[in-house]
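A short worksheet on the structure shown next.
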Amino acid sequence: MRALTWQLIWLAATALLTALAAAGGELSGREWPKYLLFAALHLAAHKVPVAFPRARAVHLTPVTVFASVLSCQPMMAASLAMAASLPGRVLSGSRDLYGGLLGGAELAFASLAAGLFYGLLGPGGLSDPLEPKRLGGLLGVSVAFMAAHTLASLATYPLQRGKGAIPLRSFLLVELWIYTVSIPFAILMLFTLKYVGIGGALLFVIPAVAGAEAVRTTIEVRLLRRQLASIEAISQGGIAEQSEEEVMRRFLKAVPDILRFDVGSIWLVEGEEGTLALARTTARPREETVTLSPGEGAVGRAALSEKPLILHHRKPESCRDRSVPHCPSALLIPLVARGKVLGVAAFESRMAHAYRPIHYQRVRSLTHQLAVSLENVRLHARMEEIAVTDGLTGLLNHRRLQEALADELRRADRYRYPVSVVMIDVDSFKHYNDTYGHPQGDVLLKTVARLLYRTVRQVDYVGRYGGEEFMVVLPQTNKAQALFTAERLRLAVAEH
């Protein structure tokens, strides 16, 4: 119903501008080929975006509209801008009818503002803009169009793109770049129509499209360079120097160079059940740990499907998903390494319809690097754990016990505090093995190891010395305290 309302508003505005143009005598029969040419150019400008800097699509519609202001009557140029706005949005793949109406209204307003100045030039208008007496008029029309479009864009900026979605500085730079392209294109189109005709204008469109493609390629190359720099930033430093927290921090710091988002989050899979836990976010940290069951919410669905998911929510209050609470738009990318899902990277934007498949393509290499880096950090941690733990009991192995004892002895000698060592042997273990078999002997050793680990302090070192022998290093513990601890350990095993 809402979409229908906006479409009716668009039809009414377009019809009103067309009626005003007809009343002003701008719809003469010989001008129709020119109008159709610019209508096609407007649609083409919507269809082929020059670039998607971060989350906003940059089209050359202001370029073609300004050219129509110089080449046609201003009222008709405004009507063409409105008429092509929503069909152009549909051609570009956008479902944001509200944004299409606002974009067309911005360009129509700029056309009318330029037309007011155009009318002050008197008879002839800009029929020969390079004449000295007409150069001032050309400059005035250009400034009027650019100022009006900038003011209209700033006025609708919070409504159309979400407050703070794009930094104002970046927004103004994009506008300035578009105007730099608009003026020479419009003048060339004006001369082509005047001295060559419609056929020449059609031929002129080909190099214009090629130029737009060249600009897009240039921007794409720059984005690729940013991607490489971001990948290098994520993976810098040796694996031994990194942690999961550091890898995720570098990732969320590097992504804004390529993708615009208001909130970035990383969810990691925990346990065999596949529970997802919020590991890091750029939003205000929550006091409680947020976890999702497998398949819960959009993040859970993305993890199960192992495919990227793009969400479009029109109203923040309509979003009830705990995994993506910052509406209205979200891009969810599963983190997959070696065929295993490690988690999901979630990017949320206040812009309506902020993300498209092209945004996933641009950030995909970074999310892949994140997944590989996380997997490498985990593998390294696992290898370190294997190197210092006993494979059967999970306690410290003989080598790590010797290192811990040497460290504590040096520390005790420096700070003058006592260190004690308790040696533990399982009585009649060989007889137990012979009677019940080695598998049961392994179970017995695991049980004893678990009891010892639960009984000692966190600062103590407990490990398997060899065979059925265990060793406990007790920092800052004198002989009497060590005897008391040894008795506690004996009772823990005996009473089990």
Scanning the stretch 327-341 residue by residue, the ones that are surrounded by fewer than 22 Cβ atoms within 10 Å (Cβ to Cβ) and touching a residue at least 40 places away in the same chain (Cβ under 8 Å) total 2
Among (1) more than 21 Å from GLN476 (Cα to Cα); (2) without any contact (Cβ under 8 Å) to a residue 40 or more places away in the chain; (3) more than 53 Å from the chain's Cα centre (by Cα); (4) exposed (fewer than 15 other Cβ atoms within 10 Å of the Cβ), ASP425 falls short only on (2)
Report yes if THR485 is surrounded by 14 or more Cβ atoms within 10 Å (Cβ to Cβ), part of a loop (DSSP other than H, G, I, E, B) and touching a residue at least 40 places away in the same chain (Cβ under 8 Å), otherwise no.
no
Those residues that are crowded, with 16+ Cβ neighbours inside 10 Å, over 20 Å from ARG488 (Cα atoms) and either at pLDDT below 90 or not hydrophobic (A, V, I, L, M, F, W, C) (or both), I need them from the stretch 398-422; list them, please.
ARG400, GLU408
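Is it true that HIS359 is in contact with a His (Cβ under 7 Å, 6 or more places away or on another chain) and surrounded by 18 or more Cβ atoms within 10 Å (Cβ to Cβ)?
no
Conditions (1) within 16 Å of the chain's Cα centre (by Cα); (2) modelled with pLDDT of 75 or more, marked per residue:
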site	(1), (2)
ILE234	yes, no
LEU292	no, yes
GLY295	no, yes
LEU304	no, yes
LEU309	yes, yes
ILE333	yes, yes
Members of the stretch 447-482 found to be β-branched (Val, Ile, Thr) and assigned to a helix (DSSP H, G or I), listed by number:
THR447, VAL448, THR455
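The values are calculated or read from the model by the stated rules, or taken from the named source; none is laboratory data. Just so you know, these numbers come straight off a predicted model, no measurement behind them. Cβ coordinates were reconstructed from backbone atoms using ideal geometry, including for glycine residues, and neighbour counts include every protein chain displayed.
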